[in-house]
Amino acid sequence: MDYAGRITVESATGARYQVHEYRGRRLFKLVRRFVLETGQRVQRLDFDNYVVAQTGEPLSRVPW
């Protein structure tokens, strides 16, 4: 997997975090992995919304 960039997100309490995106390939399928700066896995719900896999805490993309 190769590093693809980072996304600034915000929790409901206003805390801001960085989500790092990694991209790779499995045969013909593009695989993406999102990891919080603390090392926790993050699931992408849609373009602007994410959720921490272990805790279920919702995160929203911060607009530039």
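Scanning the range 17-63 for residues that are polar (S, T, N, Q) and part of a strand (DSSP E or B), which turns out nearest to Ala4 (Cα to Cα)? Please lay out each step first, then the result.
As a first pass, look at the range 17-63 and keep what is polar (S, T, N, Q): 18, 38, 40, 43, 49, 54-55, 60.
With part of a strand (DSSP E or B) added as a condition, the list becomes 18, 43, 49, 60.
Numbers: Gln18: 13, Gln43: 16, Asn49: 18, Ser60: 19 Å.
So, considering only residues that are polar (S, T, N, Q) and part of a strand (DSSP E or B), the one nearest to Ala4 (Cα to Cα) is Gln18.
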Exercise. Somewhere in the range 15-36, is a residue at positive phi, surrounded by fewer than 11 Cβ atoms within 10 Å (Cβ to Cβ) and of a type in the set (Gly, Ala, Ser)?
Worked result: no
Exercise. Quick one: in the range 1-16, which of the residues that are part of a loop (DSSP other than H, G, I, E, B) and not hydroxyl-bearing (Ser, Thr, Tyr) is modelled with the lowest pLDDT?
Worked result: Met1
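Is it the case that Val62 is touching a residue at least 12 places away in the same chain (Cβ under 8 Å), out of contact with any helix residue (DSSP H, G or I) (no Cβ under 9 Å at 6 or more places or on another chain) and surrounded by 10 or more Cβ atoms within 10 Å (Cβ to Cβ)?
When the stated conditions are applied, Val62 passes them.
The values are calculated or read from the model by the stated rules, or taken from the named source; none is laboratory data. Because the structure is a prediction, the values reported are computed rather than measured. Positions of Cβ are generated from backbone atoms using ideal geometry, with glycine treated the same way; all protein chains shown enter the neighbour counts.
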